[in-house]
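For reference, the structure is listed below as structure tokens.
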Amino acid sequence: MTCDEADVLLHALIDGELDAARARDVEAHVAGCQRCATELRQFREMRHAMTGASLRFVAPAALRSRIEAAIPVPAARASQPSRRFLLQGFAFGTALSAAAAAGVVLFVVRSGEDERLLGDAVSAHLRSLQAEQHLADVRSADQQVVRPWFSGKVAVAPPVIDLAAQGFTLVGGRLDTIDGKPVAAIVYRRGVHVINLFVGASANAGHTAALGEAVQGFNTQRWSDQGFRFIAISDMGADELRDFHIQFETGLRAGA
Amino acid sequence: MMLAGRHRLGRARSAMAGDVHDPERARRFREAALPHLDEVYTLARYLLRNAADADDAVQECYLRALKHFDTFRGGAIRPWLFAILRNTCKGVYAQRGFADQELAEDAVPLWSEPQETPEAGMLRRREEQSIREMVSALPGQFRETIVLREINGLSYSEIAEIAGVPIGTVMSRLARARSMLRTAWLAIEERAQ
């Protein structure tokens, strides 16, 4: 590989857009080329700084109102995502699963309780994205600030883990409601993707393996550990969200 | 995906596509498109570099999107919204934000002699404002590519589809955009020392 080729391809490497063979080619070139190694390092640092900085804008409230006003609202219903609609979605999903099962495909039965939890998680996630100020009640990338904020607000203060080194920036936390109970919502961000991690008390103190599932176009991961029940939801890819779960669990076990 | 399934049913029911007053359709649109308003607005701010123009373009974009919601085939809605926004910006403001797009792709050297900066220099976090300014100063097509990638987080193939260019062009634009950013970045570093 020439340096000219590497000039372009190392960006694809940074962006995770190369297949494994091509990535190895670029890495092999960089390993033997001081110039391209410097390039790669500088671009990675620059990218890191850009990802960490808030480069996004928030739409002005007046603009939001004008757009909302232009979309007809059904007279009988509130403008919020309706629970009924979401539940219809689940009914549909279950019907599909049943069809899959009939075809002797291994699948996981979603219990009625899980449906309720996931439905609430989708609603809460959508609500949190409707406006920047809905996202977090306490805003800090410092776990020592976010965790104590929850004390007295929920039955057990949730574990808040710093995953900045793993690429998930802590945004903050807020109180939310899942299944009629107050739960802690811990908010992380990776790039443009927001992750809501809902943490509630679990009757089961042990560890259950994570279940990953796409619901209403969002990816979810749910698991229990150390007396907590976790539901993570995001519009990021399923693999990325699984990675988030793994990193969080690793951090939790390390007592971070 | 469920939305797509329901959507197709809806389309079959109303052969007169584009009925913006259909409440069921409006509700689906609201749930799918409104959560991305800040992102669409962000892209508009970088494309047009002017708050008032961005405001107008985003409003126009959402009206068009609602009108043409039947052409949305399900899947990721953000690239679809961004493509509409991009057309809105090009059509309405052809003389403004996109006027500098004619810049030849090879007008800017891809690579300049690497300058060894102290680790702490490059690593020091730039203030958000100066990063925004550096991004805003990029020529149109490079600015668009870097914003879609770094701020909106789209994949190369999604960017290629929105911009209507091959993936190879996305890659070379991104490489040049980052090279230009780095040059601006290092210049600021130098001044700061």
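The values are calculated or read from the model by the stated rules, or taken from the named source; none is laboratory data. For clarity, every value in this text was computed on a predicted model and none was experimentally measured. When we count neighbours, we look across all protein chains shown, and the Cβ atoms used for this are built from the backbone with ideal geometry, even at glycine.
For this structure, a couple of remarks:
- Taking segment B:126-151 as the range and being facing chain A (nearest Cβ under 10 Å), crowded, with 18+ Cβ neighbours inside 10 Å and in contact (Cβ under 8 Å) with a residue 24 or more places away in the chain as the test, the residues that pass are B:R126, B:M134, B:V135, B:I146, B:V147, B:R149, B:I151.
- If you check A:Q133, A:Q144 for being at pLDDT 75 or above, among the polar types (S, T, N, Q), out of contact with any Lys or Arg (no Cβ under 6 Å at 6 or more places or on another chain) and under 24 Å from B:Q59 (Cβ atoms), only one passes: A:Q133.
- Flag if A:Q144 is farther than 24 Å from A:I246 by Cβ, out of contact with any helix residue (DSSP H, G or I) (no Cβ under 6 Å at 6 or more places or on another chain) and not in a strand (DSSP E or B): no
Residue by residue, here is whether (1) surrounded by 16 or more Cβ atoms within 10 Å (Cβ to Cβ); (2) in a loop (DSSP other than H, G, I, E, B) holds:
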{"site": "A:R22", "(1), (2)": "no, no"}
{"site": "A:V26", "(1), (2)": "yes, no"}
{"site": "A:V30", "(1), (2)": "yes, no"}
{"site": "A:R35", "(1), (2)": "no, no"}
{"site": "A:R41", "(1), (2)": "no, no"}
{"site": "A:H48", "(1), (2)": "no, no"}
{"site": "A:S54", "(1), (2)": "no, yes"}
{"site": "A:F57", "(1), (2)": "yes, yes"}
{"site": "A:R66", "(1), (2)": "no, no"}
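- Taking the listed residues A:A201, A:A210, A:A205, A:A165, the one that is touching a helix residue (DSSP H, G or I) at 6+ places or on another chain (Cβ under 6 Å) and more than 19 Å from A:D137 (Cα to Cα) is A:A210, with no other qualifying.
- Total residues in segment A:11-20, condition part of a helix (DSSP H, G or I) and at the interface with chain B (Cβ under 8 Å from one of its Cβ atoms): 2
- Candidate set: segment B:166-193, residues that are of a type in the set (V, I, T), in contact with a helix residue (DSSP H, G or I) (Cβ under 8 Å, 6 or more places away or on another chain) and surrounded by fewer than 24 Cβ atoms within 10 Å (Cβ to Cβ); chosen: the one nearest to the other protein chains (Cβ to nearest Cβ): B:I167
- Meets criteria (assigned to a helix (DSSP H, G or I), of a type in the set (K, R), modelled with pLDDT under 90 and under 19 Å from the mean Cα position of the chain (by Cα)) for B:R132: yes
- Qualifying residue in segment B:102-124 (condition: modelled with pLDDT of 85 or more and within 10 Å of chain A (Cβ to nearest Cβ)): no
- Pairs meeting the criteria (first residue in segment B:33-46 and without any contact (Cβ under 8 Å) to a residue 12 or more places away in the chain, second residue crowded, with 22+ Cβ neighbours inside 10 Å and in a helix (DSSP H, G or I), beta carbons under 7 Å, at least 6 apart or on different chains) are B:R45/B:A54.
- Every residue from segment B:56-81 that is modelled with pLDDT under 90 and either in the same structural domain as B:L148 (by TED's automatic domain parsing) or of a type in the set (S, T, N, Q) (or both): B:T71
- Residues that are of a type in the set (S, T, Y) and surrounded by 16 or more Cβ atoms within 10 Å (Cβ to Cβ) were ranked within segment A:109-139; the one that is farthest from the chain's Cα centre (by Cα) is A:S123.
- Number of the condition not met by B:L154 [criteria: (1) assigned to a helix (DSSP H, G or I); (2) in contact (Cβ under 8 Å) with a residue 40 or more places away in the chain; (3) at the interface with another protein chain (Cβ under 10 Å from one of its Cβ atoms)]: (1)
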